[in-house]
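Below is one structure, written out as structure tokens; comments come after it.
The values are calculated or read from the model by the stated rules, or taken from the named source; none is laboratory data. Only a predicted model underlies this, so the values are computations on that prediction, with no experimental measurement involved. For neighbour counting, all protein chains shown are included, and Cβ atoms are generated from backbone atoms with ideal geometry for every residue, glycine included.
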Number of protein chains: 2
Amino acid sequence: MEINLSIRLNEKLYLRNPEESELGKKILQYSIVLIEQIGFESFTFKKLAQEIGTTEAGIYRYFENKHRLLLYLVDWYWSWQEYRVMMETKNMPDAESKIKTAISLLATRVEDDLSTGHINEKLLHDIVMSEGAKSWLTKHVEADNKDKLFQPYKDLCARIAGFVKAYNPSYAFPFSLSSTMIEMAHSQYFYMQHLPSLTDFGKAKSGDEIIRFLEQMVFGVLDSAPAIKGKKK
Amino acid sequence: MEINLSIRLNEKLYLRNPEESELGKKILQYSIVLIEQIGFESFTFKKLAQEIGTTEAGIYRYFENKHRLLLYLVDWYWSWQEYRVMMETKNMPDAESKIKTAISLLATRVEDDLSTGHINEKLLHDIVMSEGAKSWLTKHVEADNKDKLFQPYKDLCARIAGFVKAYNPSYAFPFSLSSTMIEMAHSQYFYMQHLPSLTDFGKAKSGDEIIRFLEQMVFGVLDSAPAIKGKKK
DNA sequence: TTTATTATGATAGTAAAGCTATCAAAATAA
DNA sequence: TTATTTTGATAGCTTTACTATCATAATAAA
């Protein structure tokens, strides 16, 4: 049995849907490889075109500019993660397991998922770690936000916030805790690799310690005296 | 009495020390204004030169490129924050107050500190919030790290990690918790302003709620059953 | 099967960004 | 007052970030 997972994203992300043509898929596939390799600042449509064997103008037919392409990739990643979280937590009875599952999925080094042909999830994971924040750290965040370009991330955040609320309905900051978890699952990984003195993880390389750190933190707050909304404990 | 706070930074950050000349100080002063205004991507040395009334080449005599200038500003900011944390916690007897003080200093919207003439701390705070991560999210993090260009951030992180260790010596992740606090003090602020659905803070605008969120989280973990290093609770 | 339509390739061109180099004038130090 | 350092002014070069045009190839409709 072959399952084919296809993720449909906000139309404003692109000029022409890259999922609907060979060239489009090649753009996605090779942009991931190239951005991971040389970094987003050095990445240009010209270099990508050379890599693929097409022309710069060809790529501009699909994406307005490289920032939009990054947004596309990042949105794809978060949609994919939300899908995984949804699937894995589906039949779980208790909120605790759901939270732990979410943490594991987010903080574990990703392996390439073969069900999505042209997207290499492992590389994409690294890109989101190293470049993901750049998708919103711009002067046009608010405009992009109005266009719903951050929806997948927000959806994931809201889903996990839902688990948090289920676990402890009186906790006052489910969304902030959720965004903290998601961010830190990625940032701590980045620190571990490049700036280890910001962490307590040697070159552990696996995400296990990060999972422990996050679980302890999350359940630490949620199990402590519940804070009543609007009041200091 | 007039106190003049001057912060000396790593020499590798610049070609010519900007603190030692009028032009240099103008570069610092106006780069802060301009980056905050138009964002780091749109910011160029040419525009800065026009703003100051000098030439592009003039600025290149001080900084190798705009990324190094950003690093300078960011390092200045973290050095300043560490100094503030150090001063404010100096005579505090207990670790709890020290942690709370650090959280407050990091998460409270900064006012312009008049003791540092050409640096506008309020604007700089916004820059670090919006552009700070770009100082390390590059393909040359490791090289920059070898050159000790992230030292001020690390020092701050280590200082707060020290408070954490003092508060609960058996807690296993003082550095990661510390970097999480520092990052979130800034990121949650950014979310609150631009992507509020990632948080639980309306347009509260003051950092008060963020402080409550962080305090609850930090003491939530630290007061929960202490984890023995290397062992799952 | 011919004819539209659409997708690609090839080429050109422009403005701005990101530098480096040179030389003279101005300010400062010896 | 001479020597040294710091600035200003100008030029130029490569790369990035795009837009435009036109021919050809692939695909769909008649």
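Could you check the range A:1-89 for helices (runs of 4 or more DSSP H) lying wholly inside it with 3 or more residues that are within 20 Å of the chain's Cα centre (by Cα), within 14 Å of chain B (Cβ to nearest Cβ) and away from DNA strand C (no atom under 14 Å from the Cβ)?
A:22-38, A:66-89
What's the number of the condition residue A:71 fails, among (1) over 23 Å from residue A:218 (Cα atoms); (2) surrounded by fewer than 21 Cβ atoms within 10 Å (Cβ to Cβ)?
The failed condition is (2).
Do we find that residue B:119 is away from every other protein chain (no Cβ under 14 Å), over 12 Å from the mean Cα position of the chain (by Cα) and of a type in the set (A, V, I, L, M, F, W, C) in this structure?
Yes: the conditions hold for residue B:119.
Condition test on residue A:109, is it more than 14 Å from chain B (Cβ to nearest Cβ), under 23 Å from residue A:148 (Cα atoms) and away from DNA strand C (no atom under 16 Å from the Cβ)?
Considered against the rule, which asks whether it is more than 14 Å from chain B (Cβ to nearest Cβ), under 23 Å from residue A:148 (Cα atoms) and away from DNA strand C (no atom under 16 Å from the Cβ), residue A:109 comes out as no.
Tell me whether the range B:127-147 contains one or more residues that are buried (at least 20 other Cβ atoms within 10 Å of the Cβ) and part of a loop (DSSP other than H, G, I, E, B).
Yes, some residue in the range B:127-147 is buried (at least 20 other Cβ atoms within 10 Å of the Cβ) and part of a loop (DSSP other than H, G, I, E, B).
Identify, by number, the condition in (1) without any contact (Cβ under 8 Å) to a residue 12 or more places away in the chain; (2) within 12 Å of DNA strand D (Cβ to nearest atom); (3) under 24 Å from residue A:135 (Cβ atoms) that residue B:22 doesn't meet.
Here residue B:22 clears every test but (3).
List every residue pair whose Cβ atoms sit under 6 Å apart, with the two residues 6 or more apart in sequence or on different chains, where the first one lies in the range A:53-82 and is more than 13 Å from residue A:13 (Cβ to Cβ) and the second, anywhere, is near DNA strand D (Cβ under 9 Å from one of its atoms) and part of a helix (DSSP H, G or I).
Sorted first by the residue in the range A:53-82, then by its partner, the pairs are A:56/A:45; A:56/A:46; A:59/A:45.
If the requirement is being within 16 Å of DNA strand D (Cβ to nearest atom), in contact with a helix residue (DSSP H, G or I) (Cβ under 9 Å, 6 or more places away or on another chain) and not charged (D, E, K, R), which of these qualifies: A:89, A:55?
The conditions single out A:55.
Residues in the range B:3-19 that are more than 13 Å from DNA strand D (Cβ to nearest atom), closer than 23 Å to residue B:125 by Cβ and either of a type in the set (Gly, Ala, Ser) or touching a residue at least 40 places away in the same chain (Cβ under 8 Å) (or both): how many?
8
Do we find a residue being closer than 20 Å to residue B:132 by Cα, in a helix (DSSP H, G or I) and in contact (Cβ under 8 Å) with a residue 24 or more places away in the chain anywhere in the range A:98-118?
There is no residue in the range A:98-118 that is closer than 20 Å to residue B:132 by Cα, in a helix (DSSP H, G or I) and in contact (Cβ under 8 Å) with a residue 24 or more places away in the chain.
In contact with a helix residue (DSSP H, G or I) (Cβ under 9 Å, 6 or more places away or on another chain) and within 7 Å of another protein chain (Cβ to nearest Cβ): which single residue out of A:213, A:219, A:163, A:190 fits that description?
Matching residue, one of A:213, A:219, A:163, A:190: A:213.
Within the range B:62-86, work out how many residues are more than 16 Å from residue B:30 (Cα to Cα) and either of a type in the set (Val, Ile, Thr) or within 16 Å of DNA strand D (Cβ to nearest atom) (or both).
2
Quick one: residue B:103 ticks every box in (1) more than 14 Å from chain A (Cβ to nearest Cβ); (2) more than 16 Å from DNA strand C (Cβ to nearest atom); (3) under 19 Å from residue B:153 (Cβ atoms) except a single one, so which number is it?
Answer for residue B:103: the failing condition is (1).
Failed condition for residue A:179, given (1) over 15 Å from residue B:198 (Cα atoms); (2) within 11 Å of another protein chain (Cβ to nearest Cβ), with all others met?
Residue A:179 satisfies all of (1) over 15 Å from residue B:198 (Cα atoms); (2) within 11 Å of another protein chain (Cβ to nearest Cβ) except (1).
Per-residue answers, yes or no, for (1) more than 19 Å from residue A:136 (Cα to Cα); (2) of a type outside the set (Ser, Thr, Tyr); (3) modelled with pLDDT of 95 or more:
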position: A:34; (1), (2), (3): yes, yes, yes
position: A:40; (1), (2), (3): no, yes, yes
position: A:75; (1), (2), (3): no, yes, yes
position: A:83; (1), (2), (3): yes, no, yes
position: A:86; (1), (2), (3): yes, yes, yes
position: A:94; (1), (2), (3): yes, yes, yes
position: A:103; (1), (2), (3): yes, yes, yes
position: A:106; (1), (2), (3): yes, yes, yes
position: A:111; (1), (2), (3): yes, yes, no
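Taking residue B:170 as the residue in question, decide whether it is at pLDDT 95 or above and over 24 Å from the mean Cα position of the chain (by Cα).
Considered against the rule, which asks whether it is at pLDDT 95 or above and over 24 Å from the mean Cα position of the chain (by Cα), residue B:170 comes out as yes.
I'd like the residue in the range A:190-222 that is of a type in the set (Gly, Ala, Ser) and surrounded by 19 or more Cβ atoms within 10 Å (Cβ to Cβ) and, out of all such residues, is modelled with the lowest pLDDT.
Among residues in the range A:190-222 that are of a type in the set (Gly, Ala, Ser) and surrounded by 19 or more Cβ atoms within 10 Å (Cβ to Cβ), the one modelled with the lowest pLDDT is A:207.
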